[in-house]
Amino acid sequence: MTPHRRPAEYLLLLRIFRRRPLDTSSAPPLPLPAPSLHRLCYMATGASAAVEDPGMAYKLLLSCPAGLPRSRVSVKFDPSFDRIPHPDASLEESIDEIWNQRLQENPSLYSGTKFRYGGHVSHQNDESNQEYCVSLHLGLTDYRTFVGTNLSPSWENFLVPSEDDSVCCQHLSNPLGNGAIVETSDEKIIVLQRSNNVGESPGCYVFPGGHSEPQEVGILAHQNDVQDVVHLIERVSDEMFDGIIREVVEETGVPASSLSEPIFIGVSRRETNVRPAAFFYVRCNVDSSTVTELYSRAQDGYESTKLYAVSIEELREMSQGLPGCHQGGFALYELMRNASGNL
């Protein structure tokens with residue numbers, strides 16, 4: 001593996017953060033309006049990666065450097081956040097064509113239901129302390145539509161010219177992936193190397209993750225009953241956090257009892273095919289050697305070929321091997337470390 005150094009602009013930003021530590025006691029989640037330091041961080045890291053490989057470029061859609069617990073992250077689950085069909089009939093027809101071709105190549109593919117990312121809003125809660133909270137806007141989509149839009153060779157044709165991400169991506173499937181920055185008891189970060197047989201980012205380094213699953217909370221379609229919708233939204237909100245723990249357990253073999261409650265740190269998007277992912281910080285109460293041993297028994301170990309437990313310095317060097325959305329996840333983790341003064 002060839003080492004990659006962080007750009008000079010990035011190191012400059014770290015020096016800025018050292019001089020001016022963030023006050024996280026009342027700081028709201030940041031939607032990254034230009035020209036904030038968070039936006040500058042994206043420009044310094046994501047844009048520079050794009051020079052070598054466009055698949056490494058990313059955009060931070062939401063940064064929560066102080067980290068948000070489950071109680072401060074909610075979901076608005078509504079059909080209005082579903083994908084809007086493209087007016088070009090030939091593009092719509094290409095979705096089935098691409099999916100059928102993929103099925104011929106791999107008959108085991110299954111078009112499971114996924115949560116679709118439709119944006120977010122930040123707000124203050126109703127309590128006296130006025131803590132800032134985030135509401136994620138989610139609809140429904142499926143794997144077939146993801147393959148036929150985001151993963152289509154013509155994915156850019158589905159985009160709408162707009163500065164509003166939800167409008168720009170309204171014709172794409174945009175399932176919300178997830179990823180976890182898992183830190184062991186000896187302060188190592190868990191990184192997986194993906195198998196060459198997977199459909200997305202084969203051979204790349206990634207953080208453990210996948211998707212929160214609608215089926216896990218009994219969702220196959222949108223509900224019309226108002227009372228059911230209220231309970232449904234609560235279950236979907238919990239699934240955002242339960243889902244990432246489930247992915248870490250399945251992909252690394254570390255039991256859930258050894259993992260802390262996840263802390264939400266933001267949403268990043270890969271610039272190539274605009275793939276969004278929510279990222280979480282998770283502490284692990286076992287050391288890296290134990291994690292490596294547990295990995296051999298991981299339920300989903302076939303999706304990856306090797307587990308690495310690396311220091312933050314090693315992760316910075318190998319980060320250029322991460323796909324764009326996971327590069328964004330690493331940037332979110334760095335922002336969290338900066339906010340806590342842990343550089």
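The values are calculated or read from the model by the stated rules, or taken from the named source; none is laboratory data. Values in this document were obtained by computation on a predicted structure and should not be read as measured data. Every residue, glycine as well, gets a Cβ built from its backbone with ideal geometry; the counts of neighbours run over all protein chains shown. Ligands, DNA and RNA are excluded from the accessible area calculation, which covers all protein heavy atoms including side chains. Shrake-Rupley method; radii C 1.70, N 1.55, O 1.52, S 1.80 Å.
Shape call for segment 129-214 from the C-alpha gyration tensor, a ≥ b ≥ c root eigenvalues: rounded (a/c under 1.5), prolate (a/b greater than b/c) or oblate? Verdict is oblate for segment 129-214.
If R0 is 25 Å, what FRET efficiency do you get for Asp78 and Ser154 from their C-beta distance, rounded to 0.05?
0.30
Counting only heavy atoms of the protein chains and using a 1.4 Å probe, Leu60 has close to 10 Å² of accessible surface. Take every pair of alpha-carbon atoms less than 8 Å apart whose residues are at least six positions apart; their mean separation over the length of segment 226-290 yields a relative contact order of 25 percent.
Rg/Rh for segment 270-317 stands at 1.03; both radii use Cα atoms, and Rh follows the Kirkwood definition. Most tightly packed first, judged by the mean number of other beta-carbon atoms within 10 Å of their residues, the peptides 170-177, 76-83, 332-339 read 170-177, 332-339, 76-83.
Counting alpha carbon pairs within less than 8 Å and at least 6 residues apart, what relative contact order, in whole percent, applies to segment 162-321?
So the answer I get is 34 percent.
How much net charge surrounds Thr184 when only the other residues with a Cβ under 10 Å from the Cβ of Thr184 are counted, with Lys and Arg +1 and Asp and Glu -1? Every neighbour counted, the sum reads -2. Converting the Cα gyration tensor eigenvalues of segment 145-304 into ellipsoid dimensions via √(5λ) gives semi-axes, longest first, of 29, 21, 14 Å. What is the pair-distance distribution P(r) of segment 102-167, computed from all Cα-Cα distances in 10 Å bins starting at 0, with each bin given as a whole percent? Final binned percentages: 17, 33, 26, 16, 7, 2. In units of the compact-protein estimate 2.2 N^0.38 Å, segment 157-198 shows a Cα radius of gyration of 1.88.
Annotation: amide H of Gly253 within the under-5 Å range of Gln299, sequence separation 5 or more or interchain, hydrogens built in the peptide plane.
Computed over segment 210-343, the alpha-carbon pair-distance distribution with 5 angstrom bins reads 2, 9, 14, 19, 22, 16, 9, 5, 3, 1, 0, each value a whole percent.
Using the 2.2 N^0.38 Å rule of thumb for compact globular proteins, work out how segment 239-288 stacks up: its C-alpha Rg over that value, please.
Dividing the Cα radius of gyration by 2.2 N^0.38 Å gives 1.28.
Spin-label pair Ile312-Asp88: with each label point 7 Å from Cα along the Cα-Cβ axis, the two points sit 4.5 nm from one another. Sequentially through segment 327-342, phi angles give Karplus couplings (6.51, -1.76, 1.60; θ = phi - 60°) of 4, x, x, 5, 4, 5, 5, 4, 5, 5, 4, 4, 5, 8, x, 9 Hz, Gly and Pro residues having no value and appearing as x. In straight-distance terms, cross-link reach from Lys76 covers every one of the lysines whose alpha-carbon lies under 29 Å from its own, apart from those fewer than eight places away in the same chain; here that gives Lys59, Lys114.
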